Amino acid sequence: MFSGKRVRPLASYNLRKPARGNEMKKLTIIGSGPGGHMAAFAAARAGHSVTLVESAAVGGTCLHTGCIPTKTFKSSADALEKIRHMGNYAITGNADAAISMPELLARKKNVIGLLTTGLEKTCASLKITLVRGRGRVISAREVAVSTQEGTVLVEGDNVIIATGSRPLNLPSLPADHRHILNSDDALALDRVPASIAIVGGGVIGCEMACIFRSFGAQVTVIEGQDRLLPIPSVDGEMSKLLLREMKKAGIRVELGKTVSSATVEQGMAKLAVSPSRPKDDAPVEPAMLDVESVFVTVGRVPNTEGLGLDEAGITVSPRGWIQVDDCLQTSVPGVFAIGDVLGPEKIMLAHMASAEAEHVVAHLDAPTPCDYSVVPSAIFTTPEIGCVGLSEEQALAAGLPVRCTLLQVRELGKAHAMGEIAGVFKLVAHAENNTILGAHLCGPHATDLIAEAGLAIRMGASVEDVAHTIHAHPTLAEGFYELCHKAARP
């Protein structure tokens, strides 16, 4: 069922023995991203014997080419903006600041290195067996791992697949990794391109647009839908405000447009940009856009090659995403899957992968449905966006009586003191009992502030519950308090 130079029993890895009086499971986890390493940590702390299989660096996409490097770039972009506007803070001096990409890449490498070392040390302290190689599922009890020394057969009781995803490569815009780049390539640039076209106005595309505009590039975002962040969980009000702020920052945004073709000539990418939904059948002459670099941020594909899913009998969707039931169990009993490898039918967020990991580990013996009702989203644009619960559109589609309340960030004293007044907070509440259904925050530190709203929704709180909770002054957190106070008024 598998091939390799030789097969070595897992016993040679000296796995931890079960504690007396406790029945422990042997758990094999493939992939060490936010889902995989969290599953390993949770299982080890629960007393299970854990083998973590990883073919690359511990930490997965999130740590090495996703969340952490992107936010490292964003931190530098935010600092750069502060320096450029130091006059607004009564600070005199040279405002001709610029980004040093080689130094930023060195900082990114240092941040990633520190966090990777931390994960490896935690694995060691929890006595997790880390096997370096590519895992292939044979059954719930067997995983073959191709290592540099040969093939190792890992035996256990359950398997968790957490292999994640990678950037989608469009046939019409194949990445050459020089002029046409994916998001991984963009985070490895050693210089700032003079002009950039970002194909895809989703989370990654909008974050990249804000970052590289701050770095000094001329940026154009091309999005096929009629709004930025065309995601059901993101309220339309947030998309409108972000569009306004991106345009104010000098970012060109083309909505309802697609790139029909691309060529590279004399060091420049030439894009043919056409309407995504022509109004009639008459041919439309595409507009031409010449840029130095193209960032393609239109989606992800699952990392499932070589996993042996077909041979093991694990069902996947037509696009290759692993199919699971409500308990995150695959079509093979005892084999679970978590994180990005489940695709957009679930929620492709690092913290959701971690939550799925803890859920599966806690219910190995009696699988239980995973709860997706309160999952916050954090979008690191300028300004930031944080969302949790239902959007107004989702609540109305569900037939709920809805009452929405808005609060402008400029109403907060702390926002004025900070010099960051762009933004709006929106509350979606049940019109009859004032239960909080959703919160959508756009403004400074919105990605941090959304946590309180998530807890409120999780606890079934009403707008009065928050309005009667004293918040410190002057803080940005007062914004959620003021929002609920406003919603509680008759």
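Rounded to two decimals, the Cα radius of gyration of region 132-189 over 2.2 N^0.38 Å is 1.67.
Would you work out which of Q408, P367, H440 lies farthest towards the positive end of the dipole of region 360-490? Charges go on Cβ: Lys and Arg +1, Asp and Glu -1. Of Q408, P367, H440, it is Q408.
Provide the percentage of antiparallel DSSP beta bridges, counting only those with both residues in the chain; round to the nearest 5.
Working: 52 of 87 bridges.
Taking every DSSP beta bridge with both residues in the chain, the antiparallel ones total about 60 percent.
Largest first, the three principal axis extents of the alpha carbons in the chain are 65, 64, 56 Å in whole numbers. The Rg/Rh ratio for region 27-158 is 1.20, where Rg is the radius of gyration of the alpha carbons and Rh is the Kirkwood radius.
With each run of n ≥ 4 DSSP H residues scored as -39500 (n - 2.57), what mean residue ellipticity at 222 nm is computed for the chain after dividing by its residue count and rounding to the nearest 500 deg cm²/dmol?
Details: 14 runs with 147 residues, N = 490.
Estimated from H runs of four or more residues: -9000 deg cm²/dmol.
May I ask for the percentage of alpha-carbon pairs in region 269-326 that lie more than 12 Å from each other? Before the final figure, lay out each step's value.
Working: 1297 of 1653 pairs.
Here the long-distance tail beyond 12 Å is 78 percent of all Cα pairs in region 269-326.
Over region 53-97, the fraction of Cα-Cα pairs per 10 Å bin, rounded to whole percents and listed from the shortest bin up, is 25, 30, 20, 16, 8, 1. For region 310-404, the C-alpha radius of gyration divided by 2.2 N^0.38 Å, with N the number of residues, is 1.29. Here region 367-490 exposes an accessible surface that is 57 percent carbon and sulfur, computed with a 1.4 Å probe and the other protein chains kept in place. In this structure region 249-302 gives 55 Å² per residue of accessible area when probed at 1.4 Å with all protein chains present.
When the dipole is taken about the Cα centre of region 136-190, and only Lys, Arg (+1) and Asp, Glu (-1) are charged at their Cβ, what size is it in debye, to the nearest 20?
Working: 4 positive and 8 negative charges, 35 e Å.
Approximately 160 debye in magnitude.
When the charge dipole of the chain is built from unit charges on Cβ atoms (+1 for Lys and Arg, -1 for Asp and Glu) and taken about the Cα centre, the candidate among A144, G399, G250 whose Cα reaches farthest toward its positive end is A144.
For region 233-337, the Kirkwood hydrodynamic radius from C-alpha pairs, put into Stokes-Einstein at 10 °C and a viscosity of 1.306 mPa s, yields a diffusion coefficient of 86 µm² per second. Measuring how big region 258-416 is from its alpha-carbon positions, Rg and Dmax come out at 22.2, 61 Å. Once a ≥ b ≥ c are taken as the square roots of the eigenvalues of the Cα gyration tensor of region 396-450, is the result rounded (a/c under 1.5), prolate (a/b larger than b/c) or oblate (a/b not larger than b/c)? Prolate, since a/c reaches 1.5 and a/b exceeds b/c.
Divide the volume of the convex hull around the Cα atoms of region 99-161 by the residue count and you get 125 Å³ per residue. Does region 212-289 classify as rounded, prolate or oblate by the C-alpha gyration tensor (a ≥ b ≥ c root eigenvalues; a/c under 1.5 gives rounded; else a/b over b/c gives prolate, otherwise oblate)? Cα axes put region 212-289 in the oblate bin.
Rolling a 1.4 angstrom probe over the protein heavy atoms with all chains in place gives region 416-490 an accessible area of 45 Å² per residue. Translational diffusion of region 411-479, estimated by Stokes-Einstein from the Kirkwood radius over alpha carbon pairs at 25 °C in a medium of 0.890 mPa s, is 194 µm² per second.
Peptides 105-116, 135-146, 371-382 ranked from most to least packed give 135-146, 371-382, 105-116, packing being the mean of other C-beta atoms within 10 angstrom over each peptide's residues. Which lysines, on any chain, are close to K121 with Cα under 26 Å apart, when same-chain ones fewer than 8 places away are left out? Within the straight-line cut-off, K121 pairs with K17, K25, K26, K71, K108, K109.
The values are calculated or read from the model by the stated rules, or taken from the named source; none is laboratory data. Just so we're clear, the structure is a prediction, and the values are computed from it rather than from any experiment. For neighbour counting, all protein chains shown are included, and Cβ atoms are generated from backbone atoms with ideal geometry for every residue, glycine included. Protein only, heavy atoms only, side chains kept; ligands, DNA and RNA dropped before computing areas. Shrake-Rupley method; radii C 1.70, N 1.55, O 1.52, S 1.80 Å.
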